[in-house]
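First the structure, in the form of structure tokens, and then the observations on it.
The values are calculated or read from the model by the stated rules, or taken from the named source; none is laboratory data. Here the structure is a predicted model, which is why all the values come from computation and not from measurement. Because the Cβ atoms are built from the backbone with ideal geometry, glycine has one as well, and the counts that use them run over all protein chains shown. Ligands, DNA and RNA are excluded from the accessible area calculation, which covers all protein heavy atoms including side chains. Shrake-Rupley method; radii C 1.70, N 1.55, O 1.52, S 1.80 Å.
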Amino acid sequence: MNTIQRTSDFIYRIEKVLAVVILCIMTLSLVAGVVFRYFLNSPLSWSDEAAMFSLVWVTFLGGSICIKRDQLAAVSFVTDRFSGKTRQVLLSLGLFIVILFCLFFLYLSLNWITSPTMSFERSDALELPMIIPYSIVPIGTCFMTIHFIHTFLHGLRIGKTEGEDFT
């Protein structure tokens, strides 16, 4: 349990720094795009693409951060009807299913990112290898999976030691 908690905490620190850096890149590219287009009458070809790739990266990182901070939106009308052990079992089952889905999605995204055609794809404006913007899919999914596993194990530990619900 300690290892997964330390790993989750370490990833969380990395995610926060990356999110700030990528948000700055996105903001600067959008501001530069507006300034060059409307004030200097010389539009930048790369600013929109850089902002779009940054948005995708920050979306996956933000989703993972929300998992770590337990700030995801949830539909809980079913689990709210139960209490005690039944609620804990339902929450554990739900988390287990989400972990399985994340692992499956991680497997698919790794197959996609390592496909032979991926090495030839380049972005239009930045001429960036597309493996760079696409790599956030397996990276973000891996981070999410680790955070979900930590939440799952933490919930099981709380249930065994204190008999409380976890969310």
*How much mean residue ellipticity at 222 nm does the chain get from its helices, if each DSSP H run of length 4 or more adds -39500 (n - 2.57) and you divide by all residues, to the nearest 500 deg cm²/dmol?*
-24000 deg cm²/dmol
*Given a cut-off of under 8 Å on Cα pairs at least six residues apart, what relative contact order in percent is computed for region 1-139?*
22 percent
*Roughly how big is the chain's charge dipole about its Cα centre, with Cβ charges of +1 (Lys, Arg) and -1 (Asp, Glu), in debye to the nearest 20?*
480 debye
*For Glu121, tell me the accessible area in Å² from a 1.4 Å probe, rounded to the nearest 10.*
70 Å²
*Please give the FRET efficiency for Phe39 paired with Ile132, using the beta carbon to beta carbon distance and R0 = 25 Å, rounded to the nearest 0.05.*
0.25
*Which whole-number value in Å³ per residue fits the convex hull of the alpha carbons of region 70-166?*
111 Å³
*Using the Cα centre as the reference, give the magnitude of the dipole from point charges on the C-beta atoms of region 37-122 (Lys, Arg: +1; Asp, Glu: -1; all else neutral), rounded to the nearest 20 debye.*
360 debye
*Angle between the Cα long axis of helix 84-113 and the longest principal axis of the chain, 0 to 90 degrees, nearest 10?*
30 degrees
*Per residue, how much accessible area does region 1-119 show when a 1.4 Å probe rolls over the protein heavy atoms, in square angstrom?*
66 Å²
*Let me know the shape class of the chain, please: from the alpha-carbon gyration tensor, a ≥ b ≥ c as square roots of the eigenvalues, rounded when a/c is under 1.5, otherwise prolate if a/b is greater than b/c, or oblate.*
prolate
_With every protein chain in place, region 1-105: carbon and sulfur % of accessible area (1.4 Å)_ = 71 percent
_Mean Cβ neighbour count within 10 Å, used as a protection proxy, ranking 17-24, 74-81, 134-141 highest first_ = 134-141, 17-24, 74-81
*Among Leu44, Leu153, Leu103, whose mean-square fluctuation peaks in a Gaussian network model of the chain (Cα, cutoff 10 Å)?*
Leu44
*Separation between the Val21 and Ser76 pseudo-spin-labels, each 7 Å from Cα along Cα→Cβ, expressed in nm?*
3.5 nm
*Hey, what D do you get for region 70-121 in µm²/s if you plug the Kirkwood alpha-carbon radius into Stokes-Einstein at 37 °C and 0.692 mPa s?*
239 µm²/s
